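A short worksheet on the structure shown next.
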Amino acid sequence: MKPIVRRGQNEAEIIRRKLQQHNSRFLTDFSEWCFCMEEHGQILAGIYAVRELDCVTIEYLYVEEKHRGCGYGSQLLERIEQQARAAGAKRIFLNTFSFQAPAFYEKHGYQLFAKLEPAMANYNQYFFQKLLDLE
């Protein structure tokens, strides 16, 4: 048996790409989307999502603290939903923690389908989906 050796970010990226290569035999239609809101070259908010076949998973949605409540998160979420519909996606999945924004997603029509209470320490984790009506 070979020894286990701890490695860094480069190796993590290699492992991620190798798994994507394996998955591509089964998930034959794949794309990544990233949209940001910028001001003076600084990112104020951003969203990153992955589409595999007819499903989209929002991996990250972030808004700088001083810009929260300004509608940036809503605009980015709507942009991903538009992109998903245009690509023929049927649903969007995401997960969030209790210290993040579960109520934000509910406000935007996402439905809770699973939760871990607690998931880690005293924090809960929530899993949401939104079924898309194709326009």
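The values are calculated or read from the model by the stated rules, or taken from the named source; none is laboratory data. No experiment lies behind these values; they were computed from the predicted model shown. Cβ coordinates were reconstructed from backbone atoms using ideal geometry, including for glycine residues, and neighbour counts include every protein chain displayed. For the accessible areas, the whole protein counts, side chains as well, though only heavy atoms, and no ligand, DNA or RNA atoms are used. Shrake-Rupley method; radii C 1.70, N 1.55, O 1.52, S 1.80 Å.
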Rg (Å, one decimal) plus Dmax (Å, integer) for the alpha carbons of segment 12-52? 14.2, 42
Specify the angular offset, from 0 to 90 degrees and rounded to the nearest 10, of the alpha carbon long axis of helix 72-86 from the longest principal axis of the alpha carbons in the chain. 70
Identify all aspartates and glutamates with a Cα-Cα distance to residue 130 below 16 Å; exclude those on the same chain that are fewer than 8 residues away in sequence. 52, 54, 59, 78, 81, 106
Result for the chain: accessible area per residue, probe 1.4 angstrom, in square angstrom, of 71
Can you list the lysines whose alpha carbon is less than 17 Å from that of residue 66, not counting same-chain residues fewer than 8 positions off? none
Angle check, please: helix 9-23 long axis (alpha carbons) against the longest principal axis of the chain (alpha carbons), in degrees 0 to 90, nearest 10. 90
If we count every other residue with Cβ under 11 angstrom of residue 49's Cβ, Lys/Arg +1 and Asp/Glu -1, where does the sum land? -2
Of the heavy-atom accessible surface of the chain (probe 1.4 angstrom), what whole percent is carbon and sulfur? 51
Ignoring everything except DSSP H segments at least 4 long, calculate the 222 nm mean residue ellipticity for the chain; use -39,500 (n - 2.57) per segment, divide by total residues, nearest 500. -8500 deg cm²/dmol
Among [x] 16.4, 58; [y] 13.4, 37; [z] 17.0, 55, find the value of Rg and Dmax of the Cα atoms in Å that was calculated from the structure presented, and write down its label. [z]
Pull out a ≥ b ≥ c, the square roots of the eigenvalues of the alpha-carbon gyration tensor of segment 49-88, then state rounded if a/c is under 1.5, prolate if not and a/b is larger than b/c, and oblate in the remaining case. oblate
